[in-house]
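Note sheet for the following structure.
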Amino acid sequence: MRTEIATLGEFGLIKRLTEGIKLENESSKYGVGDDAAVLSYPSEKEILVTTDLLMEGVHFDLTYVPLKHLGYKAAVVNFSDIYAMNGTPRQITVSLALSKRFSVEDMEELYAGIRLACQQYHVDVIGGDTSSSLTGLAISITCIGEADKDKVVYRNGAKETDLICVSGDLGAAYMGLQLLEREKTVLKGEKDIQPDFTGKEYLLERQLKPEARKDIIEKLAATNIVPTSMMDISDGLSSELMHICTQSNTGCRVYEEHIPIDYQTAVMAEEFNMNLTTCAMNGGEDYELLFTVPIADHEKVSQMEGVRLIGHITKPELGCALITRDGQEFELKAQGWNPLKEEK
Ligand SMILES: [Mg+2]
């Protein structure tokens, strides 16, 4: 079934998409339905705001990304940024620009993903906007969250001798993207390979349905650890480490042998003839947390499930480097994915 958006109009569409939304958070005083939403946060909290704009053809490719997954991911990457400040996401607004190619049903799919993510992470959709677009789909989500005033974690607090920690594993989302890109050439008949995703489900899931590390933030709180610096890994570990070190005015040493990599990522890198460490260091879209803790927290973090110690913070003069398995030192380079840099 295909219902043209014009048959509902903008207000009709918003009404359809936001039907039945129940506000879960105390701070969401009033949601969709007036000129503005109303939020009410207690004074002992800091309020965190982050926003993200996704453009079709630049950030996502609808030939292999289902709309529901796209909606889910668009919401989750925003939650990830709030967690990366050691906060809790509470509300989002969703703005869409869409061309005539999209139907009401398409937008319902997209919204189903957004609403599923909100349910999983207990976040309220409190507003948004829709507009027509001449060329494709654009999604902009703004997320609002909170953190205790003394618990907000910035990128600039890393200190010499701090330990560098990372959650989960790295490079899988990037390998998932390579796999989907290969599939696309198969679909177009440009290559004579049969699509085969068997045994590669994890890579696809990491690319198409990433999760934000709410669990790690909860574990840190439960063990009374406030990281000295933290950020989420969206552009690749190398680039994020350099952000932390630049903003904290430090250097760092990370060890290749400690970089967490899933077995499927390793298999796929070999199949694509790619350097595994490069994929893990620069792949991006992992949405894992990178954080530093004082050396006194060594025992606590080393016992934390799903967290790996990968190195330590140094004096700024030492620069940022990766120590390979055979003991060689390589200066880190930010080869992270940056759409603005690709513009010619
Ligand atoms: Mg971030």
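The values are calculated or read from the model by the stated rules, or taken from the named source; none is laboratory data. Just so it is clear, the structure is predicted and the values come from calculations on it, not from any experiment. Every residue, glycine as well, gets a Cβ built from its backbone with ideal geometry; the counts of neighbours run over all protein chains shown. Surface areas here come from the heavy atoms of the whole protein model, side chains and all, with no ligands, DNA or RNA. Shrake-Rupley method; radii C 1.70, N 1.55, O 1.52, S 1.80 Å.
Here are the numbers:
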| item | result |
| --- | --- |
| Residue within segment 306-324 that is under 23 Å from the mean Cα position of the chain (by Cα), under 20 Å from SER239 (Cβ atoms) and among the small types (Gly, Ala, Ser) present | yes |
| Check on HIS298, within 16 Å of the ligand (Cβ to nearest atom), modelled with pLDDT of 95 or more and open to solvent by 10 Å² or more (accessible area, probe 1.4 Å) | no |
| Residues that are of a type in the set (A, V, I, L, M, F, W, C) and surrounded by fewer than 18 Cβ atoms within 10 Å (Cβ to Cβ), drawn from segment 141-155 | VAL152 |
| Qualifying residue in segment 233-241 (condition: at pLDDT below 95 and charged (D, E, K, R)) | yes |
| Sole exception among (1) open to solvent by 40 Å² or more (accessible area, probe 1.4 Å); (2) in contact with a Leu (Cβ under 9 Å, 6 or more places away or on another chain); (3) assigned to a helix (DSSP H, G or I) for LYS29, by number | (3) |
| Residue in segment 212-219 that is open to solvent by 10 Å² or more (accessible area, probe 1.4 Å), without any contact (Cβ under 8 Å) to a residue 40 or more places away in the chain and within 24 Å of VAL307 (Cβ to Cβ) present | yes |
| Qualifying residues in segment 35-72 (those that are of a type in the set (S, T, N, Q) and within 17 Å of the chain's Cα centre (by Cα)) - the one nearest to MET107 (Cα to Cα) | THR51 |
| Options PRO227, PRO260; residue that is within 16 Å of the ligand (Cβ to nearest atom) and in a loop (DSSP other than H, G, I, E, B) | PRO227 |
| Single residue of GLY12, GLY20 found to be part of a loop (DSSP other than H, G, I, E, B) and more than 25 Å from the chain's Cα centre (by Cα) | GLY20 |
| Pairs where the first residue, in segment 77-95, is part of a helix (DSSP H, G or I) and the second is acidic (Asp, Glu) and within 13 Å of the ligand (Cβ to nearest atom), C-beta under 8 Å, 6+ apart | VAL77/ASP52; ASN78/ASP52; SER80/ASP232; ASP81/ASP52; ASP81/ASP232; TYR83/ASP232 |
| VAL65 being open to solvent by less than 30 Å² (accessible area, probe 1.4 Å), closer than 19 Å to PRO210 by Cβ, more than 14 Å from the ligand (Cβ to nearest atom) and in a loop (DSSP other than H, G, I, E, B) | yes |
| All positions within segment 32-41 that are in contact with a strand residue (DSSP E or B) (Cβ under 7 Å, 6 or more places away or on another chain), in contact (Cβ under 8 Å) with a residue 40 or more places away in the chain and part of a loop (DSSP other than H, G, I, E, B) | ALA37, TYR41 |
| Residue among PHE79, PHE102 that is within 16 Å of the ligand (Cβ to nearest atom) and at negative phi | PHE79 |
| Hits in segment 136-156 - residues which are β-branched (Val, Ile, Thr) and within 16 Å of LEU289 (Cβ to Cβ) | VAL152, VAL153 |
| Test: residue in segment 179-200 that is modelled with pLDDT of 95 or more, open to solvent by 50 Å² or more (accessible area, probe 1.4 Å) and away from the ligand (no atom under 16 Å from the Cβ) | no |
| Some residue of segment 246-254 being touching a Ser or Thr at 6+ places or on another chain (Cβ under 6 Å), part of a loop (DSSP other than H, G, I, E, B), farther than 19 Å from LEU170 by Cβ and of a type outside the set (Val, Ile, Thr) | no |
| Selection within segment 156-168 - assigned to a strand (DSSP E or B) and either of a type in the set (Val, Ile, Thr) or exposed (fewer than 15 other Cβ atoms within 10 Å of the Cβ) (or both) | ILE164, VAL166 |
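Results for (1) open to solvent by 60 Å² or more (accessible area, probe 1.4 Å); (2) among the β-branched types (Val, Ile, Thr); (3) in contact (Cβ under 8 Å) with a residue 12 or more places away in the chain, shown as yes or no for each residue.
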{"residue": "LEU241", "(1), (2), (3)": "no, no, yes"}
{"residue": "GLU257", "(1), (2), (3)": "yes, no, yes"}
{"residue": "ALA266", "(1), (2), (3)": "no, no, no"}
{"residue": "PRO294", "(1), (2), (3)": "no, no, yes"}
